[in-house]
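Single-structure report; data block below.
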Amino acid sequence: MFPLWLFTLGQLLVSDEDAEITIPFVNIILMLTGYLVPVIIGALIQRYCERLKAFIIRMLRPLFIIMILTMIIVGGWSNIFIVRLIRPLLVVAACLVPYTGFFLSGLVAFILRQPPPRILTIAIETGIQNTGLPIILMKFSLPQPDADLSILGPVAVTMCMMMPLWVAVAVVEIRRRFLPSLRVISYQGLK
C-alpha cells in the first residue's frame, strides 16, 4: 500500500509537475526481509526454547517501557519538523484510519455475537495500525526530501491513533475507582 499512498497523496505533497516519484522496490523488499528474519527467529524460540521464551517474557515489560520512553523522547525530538507540516485535513484523515478500524471491527464482532471482552480486543487489534514499518521503510528507502514527506501520513496516524484508547482507559479507571458498584469491563481482565 505504500506505493499507492505515494502515487495518490504524494502527488498532492509534491507541487512540481515535472517531479517524478520513483519507488525503490528493491530497498522496500530488503527492509521487509530485515523485519521478517527476527519474526522467524522469535517464532522458532517460542516453539522450541521454553526456558529462553520464559526469560524473554519476564524481561518484556521493563524493555517495553524503556523502548516506549526512548521512542517518544528521541523520536519526537529528532522529528519535530514533521509537526510543522501537519495540516488539519491530514489530522482528520489520520484519525479516520484507526477510528474506522476500531468501529467497524467492533461492530462486526458485535454482529457475530462475540462476548464483550472479545469485541473490545478485536476492535483494538484491528484499529491499531503498525505505523513503525512504513515510517522506517519510507525514511530509509527514499531520497530526501521525499523520505520526510512520505512519512508524514504514518506519523500523523501514530499521533492520533492512541487518543481514544487513553480516553477509554481513563473512563474505565474512573468508573472502577469512583463507582465500584457498577459492573464494568476491566482492561486488565483481557490478558
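Whether any residue in the range 32-43 is among the aliphatic types (A, V, I, L, M) and at pLDDT below 85 is what I want to check.
Yes, that holds for at least one residue.
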Checking the condition assigned to a helix (DSSP H, G or I), over 30 Å from Lys139 (Cα atoms) and of a type in the set (D, E, K, R), which residue from Arg58, Arg84, Arg113 passes?
Arg58
Tell me, please, whether a residue that is surrounded by 10 or more Cβ atoms within 10 Å (Cβ to Cβ), charged (D, E, K, R), part of a helix (DSSP H, G or I) and more than 21 Å from the chain's Cα centre (by Cα) can be found in the range 43-51.
yes
Condition check for Val92: part of a helix (DSSP H, G or I), free of Cβ contacts under 8 Å to residues at least 12 places away in the same chain, closer than 20 Å to Gly127 by Cβ and out of contact with any Phe, Trp or Tyr (no Cβ under 9 Å at 6 or more places or on another chain)
yes
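Residue by residue, here is whether (1) of a type in the set (Phe, Trp, Tyr); (2) within 23 Å of Thr33 (Cα to Cα); (3) free of Cβ contacts under 8 Å to residues at least 24 places away in the same chain holds:
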| site | (1), (2), (3) |
| --- | --- |
| Ile86 | no, no, no |
| Pro117 | no, no, no |
| Ile122 | no, no, yes |
| Leu142 | no, yes, no |
Over the range 107-145, the set of residues among the hydrophobic types (A, V, I, L, M, F, W, C), buried (at least 16 other Cβ atoms within 10 Å of the Cβ) and under 22 Å from Val26 (Cβ atoms) is Ile135, Leu137, Met138, Leu142
Six or more apart or on different chains, Cβ under 9 Å: which pairs go from a residue in the range 147-174 that's within 11 Å of Ile135 (Cβ to Cβ) to one that's assigned to a helix (DSSP H, G or I) and among the hydroxyl-bearing types (Ser, Thr, Tyr)? Could you list them?
Ala147/Ser141; Ser150/Ser141
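The values are calculated or read from the model by the stated rules, or taken from the named source; none is laboratory data. No experiment lies behind these values; they were computed from the predicted model shown. Don't worry about glycine lacking a Cβ; one is built from the backbone with ideal geometry, like all the others, and counts go over all protein chains shown.
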